[in-house]
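Comments concern the structure below.
Every number in this text was worked out from the coordinates using simple rules, so none of it is lab data. Since we're looking at a predicted model, the values are computed, not measured. Neighbour counts are summed over all protein chains in view; Cβ atoms, including those assigned to glycine, are modelled from backbone coordinates with ideal geometry.
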Amino acid sequence: KSGFVALVGRPNVGKSTLMNRLVGEKVAITSNKPQTTRNRISGIYTGDDMQVVFVDTPGIFKPHSKLDDYMDKASLTSLNDVDMVLFMVEPDEPGKGDQFIIEQLKQVKVPVFLVINKVDEVHPDKLLPIIDAYRKLGDFKEYLPVSATEGIGIPDLLDSLYKNL
Ligand code: GDP
Ligand code: MG
């Protein structure tokens, strides 16, 4: 199987760390060129039975953009060009930045997975309330607790990608 996956989330939630873990140094694609295309390849995961092309969506969820910044329609459209979206968050109640992204994602028609990263930092009892809080805010196909640094939940994440491609 193969497909395109967009990884979105606030700065510092661990997107690059997850990418590095999934993609590995061997096949990671890095580029210093200015972002000129709507979908920029940020890495390719190659497994035994699956290849996943991860893409950045330039112009969307920019680290320095204000919450009320104009949201480029083309950027949102580009999220519909992928097969699924991974929305990555901290293991915490949804904040204003997360809620803003959730509102934008409501215009996206492909499945959105909520990836709760850094679960190594929280007591397991904290996870369910967090998942409940996110469930109230948006429509997520699956809820995936992971730790990008510790490797927790990564096989399950890959499994979910596989099932949905
Ligand atoms: P990005 O801005 O979303 O790309 O976030 P980064 O990948 O740069 O990570 C931001 C910070 O979070 C770094 O200091 C990472 O080491 C840390 N981080 C990422 N994943 C995890 C995790 O699973 N657990 C913990 N404890 N820290 C993490
Ligand atoms: Mg990053």
Problem set entry | Cross-link pairs LYS15/LYS118; LYS15/LYS106; LYS15/LYS136 - those with Cα-Cα distance over 18 Å | LYS15/LYS106; LYS15/LYS136
Exercise. Which of the aspartates and glutamates could be linked to LYS1 by a straight reach, that is with a Cα gap under 20 Å, when you skip same-chain ones fewer than 8 residues away?
Worked result: ASP48, ASP49, ASP81, ASP83, GLU142, ASP156, ASP159
Exercise. Whole-Hz Karplus ³J(HN,Hα) for the stretch 112-128, in order, using 6.51 cos²θ - 1.76 cosθ + 1.60 and θ = phi - 60°, x for Gly and Pro?
Worked result: 10, 9, 8, 9, 8, 8, 6, 5, 5, 8, 10, 5, x, 4, 7, 5, 4
For this session: Please provide three numbers in whole Å: the alpha-carbon extents of the stretch 86-163 along the principal axes, with the largest listed first.
Result: 33, 28, 18
Exercise. Taking neighbour counts of Cβ atoms within 10 Å as a proxy for exposure, in what order, fewest first, do MET84, MET50, MET19 appear?
Worked result: MET50, MET19, MET84
For this session: Pull up all non-local amide H partners of ILE152: gap of 5 or more, or a different chain, and H-to-H distance under 5 Å with H placed in the peptide plane.
Result: SER147
Seminar exercise, completed: Sorted by chain and then number, the residues having a modelled amide H within less than 5 Å of the amide H of GLN51, at least 5 places away or on another chain, are SER2, GLY3
